[in-house]
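Take a look at the structure below.
A short reminder: the numbers here are calculations on the coordinates, not readings from a lab. It should be emphasised that the depicted structure is a prediction, and the values quoted were computed from it without experimental measurement. Positions of Cβ are backbone-derived with ideal geometry, glycine not excepted, and every protein chain shown enters the neighbour counts.
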Amino acid sequence: MPRQTPITVLALGGNAILQRKQQGTFDEQYENVRSTATQIATLVDQGLRVVIVHGNGPQIGATVIRHEMGRTKVPPLPLHACGAETQGF
C-alpha cells in the first residue's frame, strides 16, 4: 500500500481574518483572507495535504451585534445561526 502524505491541519483563528488595529471592513477581511489563501496555496503546491479550520469568533460577534441592533426591525437569529451565517465568509 503506498504511503500517503500526512495531512497538515491549519487552524486559523478569527483574528487571522480580522487583524489588530483594523476596523473589520469587508475589504480588510477580504484582503487578509486573500493573502492567507495565497500562502496556503503555496503549501499545497509543495505537495502538502491541507485541512483548514477556523475559529470565527470576531465574525460571529460582529454578526450578533448586527442582529441585536436590528431587533426592532427584524427578529435576531440565535448564536448557532449567526455562526452558520458567517461560515464561508
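For the reader, a short list of remarks on this structure follows.
- The average projected area of the chain, computed from the convex hull of its Cα atoms over all directions, is 7.6 nm².
- Among residues other than A62 with Cβ under 13 Å from its Cβ, the summed charge is -2 (Lys and Arg +1, Asp and Glu -1).
- Between 0 and 90°, nearest 10: helix 26-45 axis offset from the chain longest Cα axis: 20 degrees
- Estimated distance in nm for a label pair at T38 and R20, the labels positioned 7 Å out from Cα along Cα-to-Cβ: 2.3 nm
- Gaussian network model of the chain, springs between alpha carbon atoms under 10 Å - residue of T63, T72, T36 with greatest fluctuation: T72
- Proxy reagent accessibility, fewest Cβ within 10 Å first, across I60, I65, I17, I40: I65, I40, I60, I17
- Available extension along the chain between L10 and V53 is 14.9 nm, counting 0.36 nm per residue and deducting the alpha carbon span.
- Selected from G70, G57, G24 as most flexible by GNM, with the chain as the system and alpha-carbon contacts under 10 Å: G70
- Per-residue [θ]222 nm for the chain (sum of -39500 (n - 2.57) over DSSP H runs n ≥ 4, rounded to 500): -15000 deg cm²/dmol
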